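Step one of this worksheet: look at the structure below.
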Amino acid sequence: MTAIPTHMHAVHLTGHGGIEKLVYKTDVPVPEISANEVLVKVRAAGVNNTDINTRIGWYSKSVTADTSAGGADGFDDVDQDDASWSGEPLVFPRIQGADASGVIVAAGADVNPARVGERVLCRTMMQDPKTEDRFMCWTMGSECDGAFAQYLKVRSSECFAINSDWSDVELASIPCAYSTAENMLHRIGLGAETVLITGASGGVGSAAIGLAKRRGAKVIAVAGASKADAVKALGADQVIDRNADLIAELGTESIDVVVDLVAGGVWPSLLEVMKRGGRYIASGAIGGPMVELDVRTLYLKALTLMGSTFQDKVVFENLIGYIERNEITPVIAATFPLDQIGKAQEMFLAKNFVGKIVLTVPQDDA
């Protein structure tokens, strides 16, 4: 193994706000690991909605607009006290990055030294080390530093060996988006049913298509008209324009399961197209977090509404297996070097792509 340097390249988030809050630095101390941690040399890191949501403080209840409204410049009305996944104030500077693929280069005293040299993926939604409550989140790049750096420290138990011929970029497209999608399908118990997936061209949506097809589902995807062919190529059985009238297109009581990443104004229509006894699960609200609910629709149709954030470890273990058996296919839209993270997020916010944007991390001091 190459000697570990004392300092590294990394992107510091210096506060809640616009893209200018992301500062690329070349003199950040390499993290020191504790007894149960490993040091990972990061090779690639995906770009996700949660990176932007955390930067702009969108998780604060003081924000009611959609992500895009403040994605580039931030919001003026953010309450700093609840603007993170955990609802606790974020500590700055913070190294973001929810997707980490790389190689273990050092192991703590309580970790098997044979782990050094393993190619790994790190879990995005980790168990909070302060509690055994399975619904308490410890999120990569929010509650702890993440993958927008040359080196990352993480508990060994949250770092998974991977045996695959996929590239580093392809592997880095998986942790956040695919675990979010797989967790939704796992929690809702999706089988060989008809599922409606909103926001289907994004990282989580495109992942959900492949994962739902793997489970034998009929997939109806909602996406922009310009992306319909690309989304169909991912395996969707039908693609509906996101501006279309869902009820007119599908009819009422036609959908078993709704996997929703958008919410916003279309939300009441999602409940109308669900069958009696249908199940709905959400893990995003890029169209806006505030929705209108007719409670009569909820109880008269005996619907189940579920949220999805924290993930049981089996979800990530399943993903590792899917990759190693080539049961899923990564979808890469673009790559940028780490020092161009601002341009990568600008492309992400424009939403003129299908799949994942991934950052490549410099492997030396150049």
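Does Glu327 fit the bill of being of a type in the set (D, E, K, R) and closer than 22 Å to Ala172 by Cα?
It is true that Glu327 is of a type in the set (D, E, K, R) and closer than 22 Å to Ala172 by Cα.
For region 247-271, which residues satisfy the criterion of being β-branched (Val, Ile, Thr), part of a loop (DSSP other than H, G, I, E, B) and either in contact with a strand residue (DSSP E or B) (Cβ under 7 Å, 6 or more places away or on another chain) or under 26 Å from Thr50 (Cβ atoms) (or both)?
Val262 - this is the single residue of region 247-271 that is β-branched (Val, Ile, Thr), part of a loop (DSSP other than H, G, I, E, B) and either in contact with a strand residue (DSSP E or B) (Cβ under 7 Å, 6 or more places away or on another chain) or under 26 Å from Thr50 (Cβ atoms) (or both).
Please pick out the residue among Ala192, Ala172 that is in contact with a strand residue (DSSP E or B) (Cβ under 9 Å, 6 or more places away or on another chain) and either more than 26 Å from Arg94 (Cα to Cα) or without any contact (Cβ under 8 Å) to a residue 12 or more places away in the chain (or both).
Ala192
Run down Met136, Met184 and say which single residue is in contact with a Phe, Trp or Tyr (Cβ under 9 Å, 6 or more places away or on another chain) and farther than 18 Å from Asp237 by Cα.
Unique residue meeting the criteria: Met136.
With under 16 Å from Val354 (Cβ atoms) and either buried (at least 23 other Cβ atoms within 10 Å of the Cβ) or of a type outside the set (D, E, K, R) (or both) as the only criterion, which of Val195, Val273, Val295, Val231 stands out?
Val231
In region 337-366, how many residues are under 25 Å from Ser164 (Cβ atoms) and free of Cβ contacts under 8 Å to residues at least 60 places away in the same chain?
Qualifying residue count, region 337-366: 2.
May I ask you to list the residues in region 91-120 that are in a strand (DSSP E or B) and touching a helix residue (DSSP H, G or I) at 6+ places or on another chain (Cβ under 7 Å)?
Selection gives Ala100, Ser101, Ile104, Ala107.
May I ask you to say which residue of Val169, Val257, Val222 is at pLDDT 95 or above, aliphatic (A, V, I, L, M) and not assigned by TED's automatic domain parsing to the domain that holds Met274?
Within the list Val169, Val257, Val222, the selection yields Val169.
Condition check: surrounded by 13 or more Cβ atoms within 10 Å (Cβ to Cβ), closer than 16 Å to Arg242 by Cβ, assigned by TED's automatic domain parsing to the domain that holds Ile247 and not charged (D, E, K, R). Does Gly264 satisfy that?
yes
Are there any pairs, at least 6 apart or on different chains, whose C-beta atoms fall under 6 Å, with the first in region 285-302 and within 14 Å of Val63 (Cα to Cα) and the second outside any loop (DSSP other than H, G, I, E, B) and modelled with pLDDT of 95 or more, and if so, which?
Pairs found: Val291/Trp267.
Looking only at region 121-138, which residues are surrounded by fewer than 22 Cβ atoms within 10 Å (Cβ to Cβ), closer than 25 Å to Ala181 by Cβ and not basic (Lys, Arg)?
Gln127, Asp128, Asp133, Phe135, Met136, Cys137, Trp138 - these are the residues of region 121-138 that are surrounded by fewer than 22 Cβ atoms within 10 Å (Cβ to Cβ), closer than 25 Å to Ala181 by Cβ and not basic (Lys, Arg).
(1) at pLDDT below 95; (2) within 18 Å of the chain's Cα centre (by Cα); (3) within 25 Å of Ser173 (Cβ to Cβ): which one isn't true of Ser101, the others all being true?
That leaves (1) as the condition not met.
Pull up region 87-99, narrow it to residues that are under 21 Å from Ala149 (Cβ atoms) and of a type outside the set (Val, Ile, Thr), then point me to the one that is surrounded by the fewest Cβ atoms within 10 Å (Cβ to Cβ).
Phe92
So which residues in region 31-69 are hydroxyl-bearing (Ser, Thr, Tyr) and either under 20 Å from the mean Cα position of the chain (by Cα) or over 21 Å from Gly288 (Cβ atoms) (or both), if there are any at all?
Result: Ser34, Thr50, Thr54, Tyr59, Ser60, Thr67, Ser68.
Could you pull out every one of the strands (runs of 3 or more DSSP E) wholly within region 1-62 that has 1 or more residues that are β-branched (Val, Ile, Thr) and surrounded by fewer than 15 Cβ atoms within 10 Å (Cβ to Cβ)?
Once the strands (runs of 3 or more DSSP E) in region 1-62 are filtered for at least 1 residues that are β-branched (Val, Ile, Thr) and surrounded by fewer than 15 Cβ atoms within 10 Å (Cβ to Cβ), what remains is 22-29.
Examine region 337-345 for a residue that is outside the structural domain of Leu152 (by TED's automatic domain parsing), buried (at least 17 other Cβ atoms within 10 Å of the Cβ) and over 18 Å from Thr67 (Cβ atoms), and state whether such a residue exists.
No, every residue in region 337-345 fails to be outside the structural domain of Leu152 (by TED's automatic domain parsing), buried (at least 17 other Cβ atoms within 10 Å of the Cβ) and over 18 Å from Thr67 (Cβ atoms).
Kindly establish whether Glu158 is charged (D, E, K, R), at pLDDT below 95 and in contact with a strand residue (DSSP E or B) (Cβ under 9 Å, 6 or more places away or on another chain).
no
The values are calculated or read from the model by the stated rules, or taken from the named source; none is laboratory data. What you are looking at is a predicted structure, and each value in this text was computed from that prediction instead of being measured. Methodologically, a virtual Cβ is constructed for each residue, glycine included, from the backbone with ideal geometry; neighbour enumeration extends over all protein chains shown.
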